[in-house]
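This report concerns only the one structure given below.
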Amino acid sequence: MSLGRKIFIGITVVILVVVIGAGLFLRSLATKGIPDYDGTVTLRNMTDEVIVYRDEYAIPHIYAKNEPDLYRATGYCMAQDRLFQMDLIRRATAGRLSEIFGADMINADHMLRALRIPDKSRLVLAEMDEKLLASAQAFSDGVNQFIETHVDKLPLEFSILGYQPEMWLPEHSLDLVGYMAWDLTMPWSIEVVFHNIRKRVGEAKYQQLLPDLEAQSSVAYPEFSVIPVELDFDDLLVAQTRSLEKLGLTVFRGSNNWVINGEKSATGIPLFANDMHLGFGSPGIWYQMHQVIEGELNVTGVALPGQPFIVAGHNDQIAWGMTNVMVDDMDFYLEKINPDNPNQYKFNGEWRDMEIRVEEIKLKDGTTVTRENRFTHRGPIVTGFKSETDEPISMRWIGNEMSNEVRTLYLLSKAENWEEFKDAVSTFISVSQNIAYADVNGNIGLYCCAGVPVRDGWNGVELVSGETDQYDWKGLVPFENLPYVYNPPSGYVSSANNKSVSDSAATVIPQWPALHYRIDRIREMLNEKDILTMDDFRRMHGDNKSKLVEELKPLYLENFELIADLSKIEEEALLLIRDWDGTYPRNSSAALIFEQFYNALLHNVLADELGEELFTKYISTSYLSRFALNDISRDPTSRWWDDVSTNDVTETFTDCIQTSFREAVDQLSQQYGTIPSAWRWGVAHTLTLEHPMGGVKILDRLFNLNRGPYEAKGSSHTVGPFAYSFAEPYKVNHGASHRHIYDLSDWDKSMSVIPTGVCGVAASPHYCDQTELYLANEYHSDYSSRSLVEQNARYTLILTGN
């Protein structure tokens, strides 16, 4: 053998060894965090043995003999599956993302610290009931014992980012509630943009963009009788929230729930449905689990990773589920600063000192950046001091008001009737929700559990002066005065983020509600039959018929028909729209044509007046652009129809609609070919379940962090939602984060599903093992009786004491 050949073989062998070694290393890195769900584990502080059965989807069914053991086991199991997600959310609540991601997150951390979420958590913790506190401590102990015993087997994210998780504290579980309160607060992404629109277009056109709430007749509780300054909040609010979105840390979008009583149910006992609409990502926001203390507690549903209690679910007696109330629970104030002391603001004729907090933000490289947060008595200053003439804006929001959502969840797991349910939800204030109720005795209800600010003589929309207490909140609406319904004559309750009460109600809820299309369709389906079944509820969850299309298509179609010189492609597209039934299956051509037209119309109506930058902010941060376009579409004389960039021409309602239709068809033909019947909604409209680190392409390729894209049906205005941002069509970014259907006549007939899976470790077979079920609008059984749990167990873990 020649020397050259020997060298070649030697190099080849070395390369193979390196490649094989690298492959083995990557495999080890990917799989070392996969949980072991079988066997026996010894934990400190255990009183009795705990058995954890997991079904084919690895959903834990935790059987304990006392509360501390139950919640210690819950902490251990949750850390097995979701430790990195828990730590990521915890870091967000404390403004400590820069420590693991670096300087790109400095501004986000600065903003998050201004929310003072940990401050409130410590106050709530100091007043917590002893049993509840013991449960939170036991949960933390379970998490920490998992961390201690798995230092070398942590999920790959910790290895990639090069850090170890800190010990979990009870206050961290409360911090997660504060983060949900921030994420579910509506006005921060709305009022800022609306203020700048008002400055740009003037009062008359601005008023046409505000939702016409008087026209919204579908209410959740039907039986329940400008300052001239341009705001730039991007540096501290909107832009930093986009950074959090990339990490999967913003979750809210909308929700549905509905309940029927025994008179409408085929079983003679209530049926219950809930699907909370949140941001899509992997792992998903919810952790499915079942908690049992024999003879004392039997509760199942979904929990927020990092806290031990079921958020939406059922016990042996009642079921409950949530939709966001969409309360306007945040206000902005223009503060007057002392020219001789920039740390003082004027209030009721006197100069008051601001609270100054020096924020030391540690970075991944070990360095520290110093920022300041300033606070008035209302809350943080959310604008920077760019020059001596800048006037700072302060913010008051509901998350800083005293509440105790953890108490609510703890008591809900034990509640047996309407009165105990009401007592439990009375402290659910900062995370404003319509909480639906049903019990095994046949009762149903819906309660508006919300922190509703009491404002004196103003609507909460405008930026107002902070120089006096005139615009300060006068408190919150008492729980007893909030709207509710209990055993209504209709035989059902329902909500879908719609308007809460009529304008004549005793307690009016200031809101930024969703459009009425989902709730109208839900109630239409509830009234289609006298008697409904579980199969009907399944069909409703997946329904993709649009009431928006039903309302607006005739109006638009009439103007499409007036186009005199249609091309062959336009004629075919028009025929598809004409014959369309308004449903959004994946194979629909008409659905894609309509959505493309609707987006083009939105741009043509608004962008010329707003300018591209403000228009993009508006459609990116405010779902209310649909409100605006739909209201304008019903007013052919609106001044918004004219394109102000064409000074010598005044465009009409018909002109704008026809131009938008032609633009839509042209855009689609360029992208998908010249045969409109071959265009498919599902090809354009796709869902990708993105991991927080999946944006780094090499990591995604090596570890398969993201899943998809999957073709998606529906849209934001269908009951079965797969919604997208107008700024990024048609990338699905939010929808049903879970689906639950509960049969109160036999809990074991209940069904549920989530978009991803219980485990957050990408190499686990349970990472996204429910995705196909979810996309097919299928479910898995949700057993709560021990015999069926044991019969269907795939894994068994025994947790025992020393």
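Compactness of the range 721-802, taken as the C-alpha radius of gyration over 2.2 N^0.38 Å, stands at 1.42.
Heavy atoms of the protein chains alone define the surface here; on that basis the chain has 37 Å² accessible area per residue at 1.4 Å probe size. Over the range 615-768, one equal point on each Cα, no solvent: what is log10 I(q)/I(0) by the Debye formula at q = 0.11, 0.19 Å⁻¹? Scattering profile of the range 615-768, log10 relative to I(0): -0.68, -1.32.
When +1 charges are put on Lys and Arg Cβ atoms and -1 charges on Asp and Glu Cβ atoms, the dipole computed for the range 37-89 relative to its Cα centre reaches about 160 debye. Taken about its Cα centre, the range 540-618 carries a charge dipole of roughly 340 debye when the Cβ of each Lys and Arg holds +1 and the Cβ of each Asp and Glu holds -1. Take every pair of alpha-carbon atoms less than 8 Å apart whose residues are at least six positions apart; their mean separation over the length of the range 737-802 yields a relative contact order of 28 percent. With the charge dipole of the range 528-580 set up from +1 on Lys and Arg Cβ and -1 on Asp and Glu Cβ about the Cα centre, the Cα lying farthest toward the positive end among the listed residues 566, 533, 554 is that of 533.
Which value, in debye to the nearest 20, gives the size of the charge dipole of the chain about its Cα centre, when Lys and Arg are +1 and Asp and Glu are -1 at the Cβ?
Numbers: 70 positive and 112 negative charges, 459 e Å.
Dipole size: approximately 2200 debye.
Ignoring any ligand, DNA or RNA, what whole percent of the accessible area of the chain comes from carbon and sulfur when the probe is 1.4 angstrom? Summing carbon and sulfur atoms, their accessible area is 50 percent of the total for the chain.
Ordered by packing density, taken as the mean number of other Cβ atoms within 10 Å over each peptide's residues, highest first, how do 483-496, 80-93 rank? Mind dumping the intermediate values first?
Working: 483-496: 20.9, 80-93: 25.3.
Listed from highest to lowest mean packing, they are 80-93, 483-496.
For the range 494-612, the gyration tensor built on C-alpha atoms gives an oblate shape. Its axis ratio a/c (a ≥ b ≥ c) is at least 1.5, and a/b is not larger than b/c.
Sorted from longest to shortest, the spans of the Cα atoms of the chain along the three principal axes equal 83, 83, 70 Å. The helix-based estimate of mean residue ellipticity at 222 nm for the chain, built from -39,500 (n - 2.57) per DSSP H run of four or more residues and divided by its residue count, is -11000 deg cm²/dmol to the nearest 500.
Kindly identify the range 314-438 as rounded, prolate or oblate by the Cα gyration tensor criterion: order the square roots of the eigenvalues as a ≥ b ≥ c, call it rounded if a/c is under 1.5, otherwise compare a/b with b/c, prolate if a/b is larger, else oblate.
On the way: a/c = 3.52, a/b = 2.15, b/c = 1.64.
Because a/c hits 1.5 or more and a/b exceeds b/c, the range 314-438 counts as prolate.
Among the GluC sites (Glu not before Pro) in the range 77-181, those placed in a DSSP loop whose Cβ has at most 14 other Cβ atoms within 10 Å are 127, 166.
Counting DSSP beta bridges with both partners in the chain, what percentage is antiparallel, nearest 5? Spell out each step's value before the answer.
Numbers: 92 of 105 bridges.
Rounded to the nearest five, the antiparallel share is 90 percent.
The values are calculated or read from the model by the stated rules, or taken from the named source; none is laboratory data. Bear in mind the structure is a predicted one, so any value in this text is a computation, not a measurement. Glycine gets a Cβ as well: all are built from the backbone with ideal geometry, and neighbour counts include every protein chain shown. Note: areas computed on protein heavy atoms with side chains; ligands, DNA, RNA excluded. Shrake-Rupley method; radii C 1.70, N 1.55, O 1.52, S 1.80 Å.
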